[in-house]
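Here's the structure we're looking at; comments come further down.
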Amino acid sequence: MAEYKAPLRDMQFVLNEVLSLEEHYQNLPGCEEATPDMVSAILEEGAKFAERVLSPLNQVGDQQGCQFNDGQVKTPEGFREAYEAFVEGGWPSLAHHPEWGGQGLPESLGIVLNEMVGSANWAWSMYPGLSHGAMNTLEAHGTTEQKQTYLTKLVSGEWTGTMCLTEAHCGTDLGMLRTKAEPREDGSYSITGTKIFISAGEHDLADNIVHIVLARLPGAPEGTKGISLFIVPKFLPDADGNVGERNGVSCGSIEHKMGIHGNATCVMNFDAAQGFLIGPPNRGLNCMFVFMNTARIGTALQGLAHTEWGFQNSLTYARDRLQMRALSGPKAPEKSADPIIVHPAVRNMLLTQKAFAEGGRALIYFAAQQVDRAKLAATDEEKQEAEDLLSLLTPIAKAFLTEIGVECASHGLQVFGGHGYIAEWGMEQNLRDARISTIYEGTTQVQALDLLGRKVLMTQGELLKRFTKKIHKFCQTHEGNAKMDPYIKPLAKLNKEWGDLTLQIGMKAMKDREEVGAAAVEYLMYSGYITLAWLWARQAEVALAKLEAGTTEADFYEAKLKTANFYFARILPRTRSLSELVLAGADNLMSLDSEHFSF
């Protein structure tokens, strides 16, 4: 039976020892109560919920799926009861403002909780997960009345939320959307149109679903500049703010998908549904960015979730499964064969998963701290600094961690051999569930264009320079430290090359803008490997200091160093081929006329 165990020791290592959690919270106004003891207690309780309630439902959700009947969706057995327990435990309100019923704890703490929930059962986690983005959007752009009516119910978990963007004829290109919003005499709007691929668009977990919908007003400008944002509830609130009459919103069908069967992916029909404008007219995408950035960090978390889950289960299997003898001689002579963990090829797959899980965790937690700072830092200058850093890191985290999440889910299956390919062990489910993460909330290719085109080249490299300067200063602090040389020397070299490579792409793009698209994906992956190298060097720095000072956890810190060594020796060299691909040029991609493609 596949299981999940929250990696609390590693989570605490990253939070407390690498990212200085206590200092971080003490520097944020209003977060002083988030002490290490409180955080530890919250994580321990969250781990119990993830392990005991959600993990046993993971395969149940995959096997049963969601049932659609006459516009209604029934979630898998146990999902509703799990959601009720989630709400009763106060988990939805963790990182939201007390004014709207929240507990006022930092956003980063909510993201850490989401890691455990998502790793235990990604399909289930999407039901409350989509609500989080809706809450952030309402908190940032909603009126006081809208917040009192909708935000309080979302924060409590009584209601859930969605984001309704995609239409059948337009995916990422939202400027093509056709959903209409016609003004009503009472100041609200009639929303008419169809949205597809709406996760958690219909279900039986909560009393109401609050849809955040993009639509176009009459006479609005063409393209993305003419899109507005609306609240469209499944049930209209009555005078007391409770569930009232049914709105003109219905689920037309649910998709038959490759994975995440336990979550309903819906076709949503809006038939003159009553909606309420959020923010200014024609500024819907600007308001939606709050939602999208939250969603993209959440999807980066999915990459980590499938990596961690696959690693845990394939490690357990590799310790028990007997196959062949080690090339250097029997390691378990009393048994008929050696456990497969002794074989270098298996260790390579396991260490790859471990290095990406622990490195990816550090990246997401670091990004989460920037979310805190962008929202709560004491000065506008600090907030802007965090916002800029987050702007650069979000496409890297989303695309890089989901791509390696799929890779690691595949490694996990491979460790099981033929047993991984059958449903019994859950490894093929993990791979199927992981695959969508590189697609939704902006595909890897779209994130790559965002990173290289918008975040790097359109800022004349300014956002990148600020980050590479941070890495440069870290490397400078360890000059002359022989024990850190294995990490600092390759990191410093690549950090410089990152800037040089960017300059070369920029020069080529001045002559041919297709060079940006041709280089973007490899550039993003290259950026991801360097970013993780910096975070692994920071983990090695802490581990060395702990071992030198003397510790009762020597095995833990030794494992950190050896995993860091593996990353720098066997993972980071991938940048060599990527740097060549970045500069390979657009001509070899674009010279073949489209009509000459054949099969």
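The values are calculated or read from the model by the stated rules, or taken from the named source; none is laboratory data. This structure is a prediction, so every number in the text was calculated from the model and none was measured. Here the Cβ is made from the backbone with ideal geometry for all residues, glycine too, and neighbour counts use every protein chain on show.
If the condition is being touching a Pro at 6+ places or on another chain (Cβ under 6 Å) and either surrounded by fewer than 16 Cβ atoms within 10 Å (Cβ to Cβ) or of a type in the set (S, T, N, Q) (or both), then region 444-462 contributes only Gln447. Residue count for region 317-336 satisfying the condition of being surrounded by 15 or more Cβ atoms within 10 Å (Cβ to Cβ) and either in a helix (DSSP H, G or I) or in contact with a strand residue (DSSP E or B) (Cβ under 9 Å, 6 or more places away or on another chain) (or both): 3. Can you name the residue in region 150-169 that is of a type in the set (Gly, Ala, Ser) and at pLDDT 95 or above and, of all such residues, is nearest to Glu99 (Cα to Cα)? Among residues in region 150-169 that are of a type in the set (Gly, Ala, Ser) and at pLDDT 95 or above, the one nearest to Glu99 (Cα to Cα) is Ser156. Beta carbons closer than 9 Å, at least 6 apart along the sequence or on distinct chains, pair a first residue in region 267-287 that is at negative phi with a second that is among the β-branched types (Val, Ile, Thr) and part of a loop (DSSP other than H, G, I, E, B) for Phe270/Thr179; Phe276/Thr143; Ile278/Thr143; Arg283/Ile227; Gly284/Ile227; Leu285/Ile227.
Yes or no: region 51-59 includes at least one residue that is out of contact with any Asp or Glu (no Cβ under 6 Å at 6 or more places or on another chain), more than 25 Å from Ser108 (Cα to Cα) and in a strand (DSSP E or B). Checked against the condition, which is being out of contact with any Asp or Glu (no Cβ under 6 Å at 6 or more places or on another chain), more than 25 Å from Ser108 (Cα to Cα) and in a strand (DSSP E or B), region 51-59 yields no hits at all.
When Gly506 is tested against (1) touching a residue at least 40 places away in the same chain (Cβ under 8 Å); (2) not in a helix (DSSP H, G or I), just one condition goes unmet, and that condition is (2).
Looking across Leu464, Leu451, one residue alone is over 30 Å from Ser55 (Cβ atoms) and under 19 Å from the mean Cα position of the chain (by Cα). It is Leu451.
The residues on offer are Gln12, Gln67, and the sole one that is without any contact (Cβ under 8 Å) to a residue 40 or more places away in the chain and in contact with a strand residue (DSSP E or B) (Cβ under 9 Å, 6 or more places away or on another chain) is Gln67. Scanning region 543-573 for residues that are in contact (Cβ under 8 Å) with a residue 60 or more places away in the chain and hydrophobic (A, V, I, L, M, F, W, C) gives Leu544, Phe556, Ala564, Phe566, Phe568, Ile571, Leu572. Restricting to region 32-47, and then to whatever is within 23 Å of the chain's Cα centre (by Cα) and aliphatic (A, V, I, L, M), can you tell me which residue is farthest from Leu21 (Cα to Cα)? The selected residue is Ala47. Can you work out which of the residues in region 170-191 that are out of contact with any Lys or Arg (no Cβ under 8 Å at 6 or more places or on another chain) and in a loop (DSSP other than H, G, I, E, B) is modelled with the lowest pLDDT? That would be Gly171. Pairs linking a residue in region 293-304 that is within 17 Å of Ala140 (Cα to Cα) to a residue that is at pLDDT below 85, with Cβ atoms under 9 Å and 6 or more positions apart or on different chains, are Asn293/Gly133; Thr294/Gly133; Ala295/Gly133. The residues listed here are Asn114, Asn136; of these, the one that is in a helix (DSSP H, G or I), at negative phi and modelled with pLDDT under 95 is Asn136. Of all residue pairs spaced 6 or more apart or on separate chains, those with beta-carbon atoms under 6 Å, a first member in region 237-250 that is farther than 15 Å from Thr194 by Cβ and touching a residue at least 12 places away in the same chain (Cβ under 8 Å) and a second member that is of a type in the set (Ser, Thr, Tyr) and not in a loop (DSSP other than H, G, I, E, B) are Pro237/Thr149; Gly241/Thr149.
Only one residue in Glu77, Glu84 is acidic (Asp, Glu) and either in a helix (DSSP H, G or I) or touching a Ser or Thr at 6+ places or on another chain (Cβ under 6 Å) (or both), so which one is that? Within the list Glu77, Glu84, the selection yields Glu84.
Can you confirm whether region 444-452 contains a residue that is in contact with a helix residue (DSSP H, G or I) (Cβ under 9 Å, 6 or more places away or on another chain) and closer than 30 Å to Ala318 by Cα? The answer is no; no qualifying residue exists.
One line per residue, one yes/no per condition, for (1) within 22 Å of the chain's Cα centre (by Cα); (2) of a type in the set (S, T, N, Q); (3) farther than 30 Å from Ala397 by Cβ:
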| position | (1), (2), (3) |
| --- | --- |
| Gln302 | yes, yes, no |
| Ser314 | no, yes, no |
| Gly329 | no, no, yes |
| Pro339 | no, no, yes |
| Ala345 | no, no, no |
| Gln353 | yes, yes, no |
| Glu358 | yes, no, no |
| Gln370 | yes, yes, no |
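Where helices (runs of 4 or more DSSP H) fall wholly inside region 375-457, the ranges with 3 or more residues that are β-branched (Val, Ile, Thr) and at pLDDT 95 or above are 380-416. Among residues of region 468-489 that are under 21 Å from Tyr567 (Cα atoms), those with a beta-carbon under 6 Å from a residue that is modelled with pLDDT of 95 or more and among the small types (Gly, Ala, Ser) at least six positions away or on a different chain give the pairs Thr468/Gly499; Cys475/Ala492; Tyr487/Ala537; Tyr487/Ala540. For beta carbons closer than 7 Å, sequence separation of 6+ or different chains, a first residue in region 164-193 that is among the aliphatic types (A, V, I, L, M) and a second that is part of a loop (DSSP other than H, G, I, E, B), the qualifying pairs are Leu174/Leu165; Leu174/Ile227; Met176/His169; Leu177/Ile227; Ala181/Leu217; Ile191/Thr179. Those residues that are assigned to a helix (DSSP H, G or I), over 24 Å from the mean Cα position of the chain (by Cα) and surrounded by fewer than 20 Cβ atoms within 10 Å (Cβ to Cβ), I need them from region 569-586; list them, please. Ala569, Arg570, Arg576, Ser577, Ser579, Glu580, Leu581 - these are the residues of region 569-586 that are assigned to a helix (DSSP H, G or I), over 24 Å from the mean Cα position of the chain (by Cα) and surrounded by fewer than 20 Cβ atoms within 10 Å (Cβ to Cβ). Quick one: count up the residues across region 156-177 that are in contact with a Cys (Cβ under 8 Å, 6 or more places away or on another chain) and surrounded by fewer than 14 Cβ atoms within 10 Å (Cβ to Cβ). The total comes to 1. Restricting attention to region 1-39, the residues being of a type in the set (A, V, I, L, M), farther than 16 Å from Ala368 by Cβ and assigned to a loop (DSSP other than H, G, I, E, B) number 3.
Quick one: which residue in Lys483, Lys508, Lys493 is in contact with a helix residue (DSSP H, G or I) (Cβ under 6 Å, 6 or more places away or on another chain), surrounded by fewer than 16 Cβ atoms within 10 Å (Cβ to Cβ), at pLDDT 95 or above and farther than 30 Å from Gly129 by Cβ? Checking each option against the conditions leaves just Lys483. Taken over region 522-568, residues that are closer than 24 Å to Thr502 by Cα and among the small types (Gly, Ala, Ser) amount to 4.
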